[in-house]
Amino acid sequence: MENIFRPNKWFVGFCALLIIVWGGLQFVSNARLTDDARACAADLLTWEWPGRNWSSAAAISDASVVRRSDTDAIVRVKGTQILTVAPAGVQADFKNSKSDRVDFQATLTFYRASNEWVLGKVELE
C-alpha cells in the first residue's frame, strides 16, 4: 500500500507554530482574567465607614485561575486585609488609629456575558 500522506518539515513547523500561538492566547486570556479578579477583590474589600471612623484596605498578593470554560471561570485570590479603627473625634489623621491585618482567601466566580467576564459570586474562605 502506498503512503498518501507524509509530513514534511513545513507541516511540522506549521503545527508547532499553531500550538505556540494557542498557548500564547491561553496565557494572555488567563492573565487578563487574574487582573480582573485582583481588581474586583480589591474593590470588594476596600471600604470606608466615616461615621464610625472605620476603614479597610486590601493588598492582593496572589491570583490564579482554578478552572475556566467558555461560559464561566473560577479564580482563587489571596491577600491581606487591613482593618483600621480610628479613635472618636479623629477624622482625617489616622496616626492614633488601631489596625489589624487579616489574611484572606477568596474564590471568585466569573460568568461570560457578551465577550466580557462579569463577577457572579464571591466565597471567602
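Here, each number is a calculation from the coordinates, and none is a lab measurement. These numbers were taken from a predicted model, which means no experiment stands behind them. Cβ atoms come from the backbone with ideal geometry, glycine included; neighbour counts cover every protein chain shown.
A few notes on this one:
- For the range 9-124, the relative contact order is 19 percent, taking Cα pairs closer than 8 Å that sit 6 or more residues apart in sequence and dividing their mean separation by the residue count.
- In the chain, the sites counted are trypsin sites (Lys or Arg not before Pro) in DSSP loop states with at most 11 other Cβ atoms within 10 Å, and the longest stretch holding none of them, exclusive of the sites, is 1-51.
- Residue-averaged [θ]222 nm for the chain, counting only DSSP H segments that reach four residues, each worth -39500 (n - 2.57): -11000 deg cm²/dmol
- Residues considered: 23, 51, 79. Largest GNM mean-square fluctuation over the chain, using C-alpha springs under 10 Å, is found at 51.
- Max mean-square fluctuation residue, GNM over the chain, Cα-Cα springs under 10 Å, options 85, 21, 12: 12
- Two-site label geometry, residue 114 and residue 62: point separation in nm, points 7 Å out along Cα→Cβ: 3.7 nm
- Residues considered: 33, 17, 45. Largest GNM mean-square fluctuation over the chain, using C-alpha springs under 10 Å, is found at 17.
- Calculated P(r) over Cα pairs in 5 Å bins from 0, in percent (choose from (i) 2, 9, 11, 12, 14, 16, 13, 10, 8, 4, 1, 0, 0; (ii) 2, 9, 15, 14, 11, 10, 9, 8, 6, 5, 3, 3, 2, 2, 1, 1, 0, 0, 0; (iii) 2, 11, 21, 22, 20, 15, 8, 2, 0), label: (ii)
- Using the Cβ-Cβ distance between residue 9 and residue 29 with R0 set to 25 Å, the FRET efficiency from 1/(1 + (r/R0)^6) comes to roughly 0.25.
- Here the extension length gained between residue 54 and residue 105 equals 16.2 nm, from 0.36 nm per residue of separation less the Cα-Cα distance.
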